[in-house]
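The values are calculated or read from the model by the stated rules, or taken from the named source; none is laboratory data. Predicted model only: the values in this text are computed from it and were never measured. In this analysis, Cβ positions are derived from the backbone assuming ideal geometry, glycine residues included, and neighbour counts consider all displayed protein chains.
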Amino acid sequence: EEDAISKLPEDLLCHILSFLPTKEAASTSALSKRWRNLFILLDSLDLDDTIFLAYKRHARRCERTTFMEFVNRVRGLQSNSPLTKFSLRCHRGVDEDLVNDWVLKALRRGATDLGLGCGKIGLFDRLTRGDLIFTKLQTLHLYSIPLGYRGTVLALFLSKCPVLEDACIDLHTRGDPGTFLAFNTPNLVYLNYSDSIPRNYPLVKMDALVEARLDVGLSKRHMRVRDSYNRHRVRMDATKLIMGIQNVQTLGLSSVTLQVLSFLGETVPVFHNLNRLSIESNDKGGWHLLLLLLIKSPNLHTLVFHGLNHMLTDGFSDGISPFASSSSLCLSSCPVKILKILEFGATPAEMSLVGHLLNKLPLLEQVIIVSSEEDDEDFDLFAVSEALEMAPRASQNCKLQLC
């Protein structure tokens, strides 16, 4: 039979191969001399040592060695050919010097997209030596990187990426926060940042930032101090981080980040450009500062809740505790036009809260409510829709959509 795939243009075949893990893409080089040359031309590498490991809790040393040998063979084949994307996931047992060498070589080959998930392996030391500047790196993804007290190294690396625009940074330091972390990234447009709050952010320079998602919370150490009723002794300060993102247009906050905001109080800045706010919720965190955040977002257009579960406070049991004080009158000046509620369970507390928002937000044009994905025989979509349609509304132009 005619081999239609092999007759495709080389650039199209390379594009197809770029979607495969590098180990699978490399296996095509055994098909023919043409396919071997195609692999050499590949400008995207996706290296993951779990593909080489047996399905055992503790991987054997020989399997780690096999992975290291494979990566070195790939490097040898491709030599100094241009590289656009480099993704590396590896775990303890892979030589640390080799890992740093692979990353450095990828950046020197011109990688614009770098993804790293290297478990307990130390990174960035060699990348920050001397006068190295990575002028082509635009996208950075860090997966569960355990920096601990070495945030200075990451801060220095970020400062050496002058055109960085997109950063997803997950620092695995929930139990051991770093001393500080700086963001000297003036061209950053998008930030997804997950970490425990360090003692301080000495520099946060993100003038071009348009969208941010923060999942920054108290470390286990912070929580122990807080729970011992020594709240004033919690040594962390997120003030400069929050001030540094105040020009964003789109902002997503996890439930633990809302708790961190409670330490800022009235020092929360005004978000003049914010038009979309997304709030994640759980039943272990309160929404003490949510009302203040709404007040300080004068141009907010869209408000999204990922669930309405929250810790009821101040003795209220009807679900509207975040808005129940006399200051909730400020909701009458809230500019929100679109309200979206996801994972809605139609509990009495949730129904009460939605009714309260319908009754207080004067400029609402559309309310979209998406029921929880969990199968619930007691959830009556028609009855819930009818009850909410009957609820008083501050805006006569508000349309309700329940699905």
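Taken across the range 128-147, residues that are touching a strand residue (DSSP E or B) at 6+ places or on another chain (Cβ under 6 Å), closer than 26 Å to F180 by Cα, surrounded by fewer than 21 Cβ atoms within 10 Å (Cβ to Cβ) and charged (D, E, K, R) do not occur at all.
Number of residues in the range 69-104 that are on the phi > 0 side of the Ramachandran plot and either in contact with a His (Cβ under 8 Å, 6 or more places away or on another chain) or surrounded by 15 or more Cβ atoms within 10 Å (Cβ to Cβ) (or both): the value is 1. Residues that are under 30 Å from D166 (Cβ atoms), of a type outside the set (S, T, Y) and at pLDDT below 80 do not occur anywhere in the range 54-72.
Among what's in the range 125-136 and is part of a loop (DSSP other than H, G, I, E, B) and modelled with pLDDT under 85, pick the residue that is nearest to the chain's Cα centre (by Cα). Going through the qualifying residues, I end up with D125. When the range 16-30 is filtered for residues that are surrounded by 14 or more Cβ atoms within 10 Å (Cβ to Cβ) and either of a type in the set (D, E, K, R) or more than 23 Å from L88 (Cα to Cα) (or both), only K23 remains. Scanning the range 187-200 for residues that are assigned to a loop (DSSP other than H, G, I, E, B) and either of a type in the set (A, V, I, L, M, F, W, C) or at pLDDT 90 or above (or both) gives N187, L188, V189, I197.
With a requirement of 1 or more residues that are free of Cβ contacts under 8 Å to residues at least 40 places away in the same chain and touching a Gly at 6+ places or on another chain (Cβ under 8 Å), the strands (runs of 3 or more DSSP E) lying completely within the range 336-403 that satisfy it span 338-344, 366-371.
Restricting L38, L13, L45 to those that are in contact (Cβ under 8 Å) with a residue 60 or more places away in the chain and buried (at least 19 other Cβ atoms within 10 Å of the Cβ) reduces the list to L45. Cβ separations smaller than 9 Å between residues 6+ apart or across chains give the following pairs from the range 137-153 residues that are assigned to a loop (DSSP other than H, G, I, E, B) to residues that are of a type in the set (D, E, K, R) and modelled with pLDDT under 65: P146/D176; G148/D176; Y149/D176. Considering the range 87-124 alone, what residues qualify as being assigned to a helix (DSSP H, G or I) and over 17 Å from A167 (Cα atoms)? Correct list: E96, D97, L98, V99, N100, D101, W102, L104, K105, A106, R108.
Out of curiosity, is D176 at pLDDT below 90 and in contact with a helix residue (DSSP H, G or I) (Cβ under 9 Å, 6 or more places away or on another chain)? Considered against the rule, which asks whether it is at pLDDT below 90 and in contact with a helix residue (DSSP H, G or I) (Cβ under 9 Å, 6 or more places away or on another chain), D176 comes out as yes.
Which residues, taken from the range 321-352, are modelled with pLDDT under 85, surrounded by 20 or more Cβ atoms within 10 Å (Cβ to Cβ) and more than 19 Å from L251 (Cβ to Cβ)? Within the range 321-352, S321, F323 meet the criteria.
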